[in-house]
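One structure is given below, encoded as structure tokens.
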Amino acid sequence: MQPKREESSSPPGGSDQPYSARVQAAVLAGFLAASFLVAGLGGFSTIDNVNGWYATADKAPWSPPNWLFGPVWTLLYTAMAVAAWLVWRKRAPKTRPALTAYAVQLGLNLAWTPVFFGLYPAMGTAALWLALGIIVALIAAVTVTVLYFGPISRTAGLLLLPYIAWLVFASTLNWWAAAHN
């Protein structure tokens, strides 16, 4: 039986030397910046529309107050970035496909907000149904990401579970809006 190898945050190429604290901090900052860039770009779509068409839209009876979305998404985007960073640090054999799945879900996340909020004034209900399709694809993509992240870093996989739960909840709000507006 071989001794258990200590887990490290080794760079690619088989080196047993861990990444320096400076490199790890820079990469974590990069993942956080990517998450908050997506959040900020989505915010541009909501600025005019949350107090515009959405303010008078028929919303699901279980819709939370608008002020709750910002703090929830801030926590979720932070957890997403930390999860990706934890996977990046491991440099396991499936790190590349795991981070590719992460990038795909981040792209779908980026697409949902402008479609739901931004396209409704131009397309009407069709935009809301299109957004529903995107959020369902997003749920699938995050699920795939969890399935990749979990074996590499259990913590990373667990950090994404509240995100999936929130997306499922948000999809019910999206469905209601599409069906009733």
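The values are calculated or read from the model by the stated rules, or taken from the named source; none is laboratory data. Given the structure is predicted, the values throughout are model-derived calculations rather than measurements. Using ideal geometry, Cβ is built from the backbone for each residue, glycine included, and neighbour counts are taken over all protein chains shown. These accessible areas exclude ligands, DNA and RNA; they are computed on the full protein's heavy atoms, side chains included. Shrake-Rupley method; radii C 1.70, N 1.55, O 1.52, S 1.80 Å.
Here are some notes:
- Count of the range 25-64 residues, restricted to those that are open to solvent by 60 Å² or more (accessible area, probe 1.4 Å) and farther than 30 Å from ARG89 by Cα, is 9.
- Residue satisfying condition, being closer than 25 Å to SER45 by Cβ and not aliphatic (A, V, I, L, M), within set GLY118, GLY150: GLY118
- Odd one out for THR78 among (1) surrounded by fewer than 20 Cβ atoms within 10 Å (Cβ to Cβ); (2) touching a Gly at 6+ places or on another chain (Cβ under 8 Å); (3) farther than 18 Å from TRP53 by Cβ: (2)
- When THR143, THR100, THR95 are checked against the criterion of being at pLDDT 95 or above, among the β-branched types (Val, Ile, Thr) and out of contact with any helix residue (DSSP H, G or I) (no Cβ under 7 Å at 6 or more places or on another chain), a single residue qualifies: THR100.
- Cβ-Cβ distances below 8 Å connect the following pairs, each with a first residue in the range 112-132 that is over 16 Å from ALA170 (Cβ atoms), a second residue that is at pLDDT below 95 and part of a helix (DSSP H, G or I), and a separation of six or more residues or different chains: GLY118/SER45; GLY118/ASN49; PRO121/ASN49; PRO121/TRP53.
- Of all residues in the range 62-100, those that are over 16 Å from VAL146 (Cα atoms), assigned to a helix (DSSP H, G or I) and of a type in the set (A, V, I, L, M, F, W, C) total 6.
- Applying a threshold of 7 Å to beta carbon distances and a minimum spacing of six or more residues, or different chains, the list of pairs starting in the range 59-88 at a residue that is on the phi > 0 side of the Ramachandran plot and ending at one that is of a type in the set (S, T, N, Q) and assigned to a helix (DSSP H, G or I) is empty.
- The listed residue being of a type in the set (S, T, N, Q), closer than 13 Å to MET80 by Cβ and out of contact with any Cys (no Cβ under 6 Å at 6 or more places or on another chain), out of ASN174, ASN109: ASN109
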